[in-house]
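> Mind looking over this structure? Questions follow.
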Amino acid sequence: MQSRSLLDAFRASGYFTMTRELDRQLPNISVPLLIVQSRQDQVVRPDNAHIIFDRVTSHDKRILWLERGGHIAAEDYDKQILFNQILRFIQDHSQSNLDPQTRTLNSNSPL
């Protein structure tokens, strides 16, 4: 009985409609993309990272696999790895916006 009420709650929240729409929109994503997924995530199945990776049209796309954390990676065991890789990804894609002396964003940067 509890499974039925959980399914009803998902339907009422629009979860299934949202995920169908998201899946439909994935091929429209063409910007550089960093997909972060924990192998230990008990909320989002790890194979979803591959589904997203395969469906987006970005030429520069990467999957960052976190080995020790769970669903909330920014607060878990691998958070420093996560932060470092996000910073590297942003730096890789914003070189023209960095001041070469200070390695900080220029004040006129669009970011």
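The values are calculated or read from the model by the stated rules, or taken from the named source; none is laboratory data. Computed from a prediction, not measured in an experiment: that's the story for all the values here. Cβ coordinates were reconstructed from backbone atoms using ideal geometry, including for glycine residues, and neighbour counts include every protein chain displayed.
> Modelled with pLDDT of 90 or more, of a type in the set (S, T, N, Q) and either in a helix (DSSP H, G or I) or surrounded by fewer than 11 Cβ atoms within 10 Å (Cβ to Cβ) (or both): is that true of Q85 in this structure?
yes
> Right, here's the next one. Let me confirm something: among L26, L34, which residue is within 17 Å of A73 (Cβ to Cβ), modelled with pLDDT of 90 or more, under 14 Å from the mean Cα position of the chain (by Cα) and not small (G, A, S)?
Numbers: L26 fails: within 17 Å of A73 (Cβ to Cβ).
The conditions single out L34.
> Any chance you could count how many residues in the stretch 35-71 are in contact with a helix residue (DSSP H, G or I) (Cβ under 9 Å, 6 or more places away or on another chain) and hydrophobic (A, V, I, L, M, F, W, C)?
Number of matching residues: 9.
> Now a separate question. Starting from the stretch 26-46, take each residue that is over 16 Å from F89 (Cα atoms) and free of Cβ contacts under 8 Å to residues at least 24 places away in the same chain and list its partners that are polar (S, T, N, Q) and crowded, with 16+ Cβ neighbours inside 10 Å, counting only C-beta distances under 8 angstrom and pairs at least six apart or across chains.
P46/Q37; P46/S38
> Just to be sure before I move on: is S107 at pLDDT below 85 and assigned to a loop (DSSP other than H, G, I, E, B) in the structure I sent?
yes
> When the stretch 47-79 is examined, which residues are found to be under 17 Å from L26 (Cα atoms) and not in a helix (DSSP H, G or I)?
Scanning the stretch 47-79 gives V56, T57, S58, H59, D60, K61, R62, I63.
> Across the stretch 14-32, what is the total count of residues that are surrounded by 11 or more Cβ atoms within 10 Å (Cβ to Cβ), of a type outside the set (V, I, T) and outside any helix (DSSP H, G or I)?
Selection size over the stretch 14-32: 2.
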